[in-house]
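Have a look at the structure below before the remarks.
The values are calculated or read from the model by the stated rules, or taken from the named source; none is laboratory data. As the structure is a computational prediction, the values presented were derived from the model and not from experiment. Positions of Cβ are backbone-derived with ideal geometry, glycine not excepted, and every protein chain shown enters the neighbour counts.
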Amino acid sequence: MATIKQQKVAKEMVGKGGKSITRAMIESGYSKNTAHTPSKLTRSKGWNELMDQFFPDEKMAKTLGQQIGATKIVFDNHKKYSFPDNDARLRALDQGFKLKQKYKPTQIDMRSFVGWTPEELKKYAKKDVVPARFKGLGFESES
């Protein structure tokens, strides 16, 4: 069950729109220290229940499906023309891929590789995406 503070944050963000979660948390009574670590809120069971309430999966899937088929209507000399809205379609596809977790990580935290041998790095690179900035350095997959 969501707390009263969690409900206030959700209403601040959804109802008034455009507010960052940090700002909404502060305005809802959270301390500044807690508000600057929003994962303390967003990883809670109550928050996830609220998000399911505000953004049900069925409604999101329906809207996403509509956006994938979005079109633009343009009037010119009293004639109506309909074109695919590629921007809306691409945003919808991007969101769909994110929701289905189809993207592989594209950023590498180099600190996590400190102490690795070149052989370990090559082995790791063979099973993951190698960013373009590392191409030609010997980390590419041999497949």
Check: Identify, please: which residue in region 46-80 is among the aromatic types (Phe, Trp, Tyr) and part of a helix (DSSP H, G or I) and is, among those, nearest to VAL14 (Cα to Cα)?
Finding: PHE54
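Picking from ASP94, ASP87, which residue would you name as being part of a helix (DSSP H, G or I), at pLDDT below 85 and either assigned by TED's automatic domain parsing to the domain that holds LYS11 or not aliphatic (A, V, I, L, M) (or both)?
Answer to the check: ASP94.
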Notebook entry, point to check: Considering region 27-45 alone, what residues qualify as being under 23 Å from MET1 (Cβ atoms) and part of a helix (DSSP H, G or I)?
Noted result: GLU27, THR34, ALA35, SER39, LYS40, LEU41, THR42, LYS45
Check: Given (1) within 30 Å of THR3 (Cβ to Cβ); (2) within 17 Å of the chain's Cα centre (by Cα), where does ALA88 come up short, assuming only one miss?
Finding: (1)
Check: Which pairs have Cβ atoms under 7 Å, sit 6 or more apart or on different chains, and link a residue in region 72-101 that is among the hydroxyl-bearing types (Ser, Thr, Tyr) to one that is at pLDDT 85 or above and not in a helix (DSSP H, G or I)?
Finding: TYR81/VAL74; SER82/THR71; SER82/ILE73
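Considering every residue within region 103-117, establish whether at least one is among the aliphatic types (A, V, I, L, M), exposed (fewer than 12 other Cβ atoms within 10 Å of the Cβ) and modelled with pLDDT under 90.
Yes - at least one qualifying residue is present in region 103-117.
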Next item on the list: Using the structure shown, decide if THR71 is polar (S, T, N, Q) and in contact with a strand residue (DSSP E or B) (Cβ under 6 Å, 6 or more places away or on another chain).
Entry: yes
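Being aliphatic (A, V, I, L, M), more than 22 Å from LYS98 (Cα to Cα) and in contact with an Asp or Glu (Cβ under 6 Å, 6 or more places away or on another chain) narrows it down to one residue among ALA70, ALA2; which is it?
The unique qualifying residue is ALA2.
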